[in-house]
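Let me begin by presenting the structure, written as structure tokens, before commenting on it.
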Amino acid sequence: MSGLQGLAQEKIWFDKSRYDEAERHFYEGAKCTAQTPQSQNASKSEDQSELISRVKNLELDNKNLHKVVDDLRATLSKLESRMAVLEKSQGPASKAAPVAKSAPVQKPKVEEQNGGADDDDDIDLFGSDEEDEEAERIKAERVKEYAQRKSKKPALIAKSSILLDVKPWDDETDMKKLEECVRSIQMDGLLWGASKLVPVGYGIKKLQIGCVVEDDKVGTDILEEEITKFEDFVQSVDIAAFNKI
């Protein structure tokens, strides 16, 4: 009986409804706390989707603006090309206008005599013929002066630069004497230049000498023929280089 008396003194069973309500409020608060982050995430996702849609709209508007600008540029380039064509077509006409104005018609001067009466004797009917004759005379003089100046100019002379290889018979040939023989050849339109000895082989050296010739006066055949006349020193002559000046 002592146990039953102890339970009778406890009040928890009599206030059970109040404790149940407190428990219900506790769990409802926990549920609300758990649902709050989800709602926040939902709101964030909605904001992001709205921002993405706005960005897409801006990109679309930007593309449309670029297309409009490209169309305007194309139209402007077409207009510029048409203006250029029109300016070119109007160029000769605008230049011809001053020429037409530069030659006004000369009206005969009429002097008033005897109270304003016209006198036919004072009209110069042959003035234009005299002016034409004067222009022709001036033109002929200018042509003559030009021909004289042109005749005084010196005519261009065609020249060539030639490099010759003169080969001796053997290594005992006096190359100094060979060069003296070559340079002893004198012609109108021939000018000898620098020279040097070039080794060929087995102790033999060839004379390489340059010259400038006038094409109308001196030819390569004549040079070879004159050089090979020195049979005691020269074996053969070759043209190493030939350039027009």
Q: Collect the residues in the stretch 178-197 that are of a type outside the set (D, E, K, R) and either in a helix (DSSP H, G or I) or exposed (fewer than 11 other Cβ atoms within 10 Å of the Cβ) (or both), keeping them in residue-number order.
A: Leu178, Cys181, Val182, Ser184, Gln186, Ala194
Q: Return yes or no: is Leu125 under 30 Å from Asp221 (Cβ atoms), at pLDDT below 85 and part of a loop (DSSP other than H, G, I, E, B)?
A: no
Q | Hits in the stretch 198-224 (condition: part of a strand (DSSP E or B) and not hydrophobic (A, V, I, L, M, F, W, C)) | A | Pro199, Gly201, Lys205, Lys206, Gln208, Gly210, Glu214
Q: Search the stretch 182-210 for residues that are farther than 15 Å from Leu164 by Cα and pair each with any residue that is in a strand (DSSP E or B) and open to solvent by less than 50 Å² (accessible area, probe 1.4 Å) when their beta-carbon atoms are under 6 Å apart and the residues are at least 6 apart or on different chains.
A: Gly189/Val213; Gly189/Glu214
Q. Are there any pairs with C-beta distances below 9 angstrom linking a residue in the stretch 231-243 that is farther than 16 Å from Leu197 by Cα and open to solvent by 70 Å² or more (accessible area, probe 1.4 Å) to a residue that is assigned to a strand (DSSP E or B) and modelled with pLDDT of 90 or more, with the two at least 6 apart or on different chains, and if so which?
A. Phe242/Ser160; Phe242/Ser161; Phe242/Ile162; Phe242/Leu163; Asn243/Ser160; Asn243/Ser161; Asn243/Ile162; Asn243/Leu163
**Q.** Condition check for Gly210: exposed (fewer than 10 other Cβ atoms within 10 Å of the Cβ), under 17 Å from Asp238 (Cβ atoms) and not hydroxyl-bearing (Ser, Thr, Tyr)
**A.** no
Q: Could you check, for the stretch 38-61, whether at least one of its residues is polar (S, T, N, Q), in a helix (DSSP H, G or I), open to solvent by 100 Å² or more (accessible area, probe 1.4 Å) and at pLDDT 65 or above?
A: yes
**Q.** Residues of the stretch 168-177 satisfying the condition of being surrounded by fewer than 17 Cβ atoms within 10 Å (Cβ to Cβ) and assigned to a loop (DSSP other than H, G, I, E, B)
**A.** Trp169, Asp170, Asp171, Glu172, Asp174
**Q.** Search result, residues across the stretch 144-170 that are at pLDDT 90 or above and out of contact with any helix residue (DSSP H, G or I) (no Cβ under 8 Å at 6 or more places or on another chain)
**A.** Lys159, Ser160, Ser161, Leu163, Asp165, Lys167, Trp169, Asp170
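The values are calculated or read from the model by the stated rules, or taken from the named source; none is laboratory data. For clarity, every value in this text was computed on a predicted model and none was experimentally measured. So basically every Cβ, Gly included, is an ideal-geometry build from the backbone, and we count neighbours across all protein chains shown. These area figures cover heavy atoms from the full protein model, side chains too; ligands, DNA and RNA do not enter into them. Shrake-Rupley method; radii C 1.70, N 1.55, O 1.52, S 1.80 Å.
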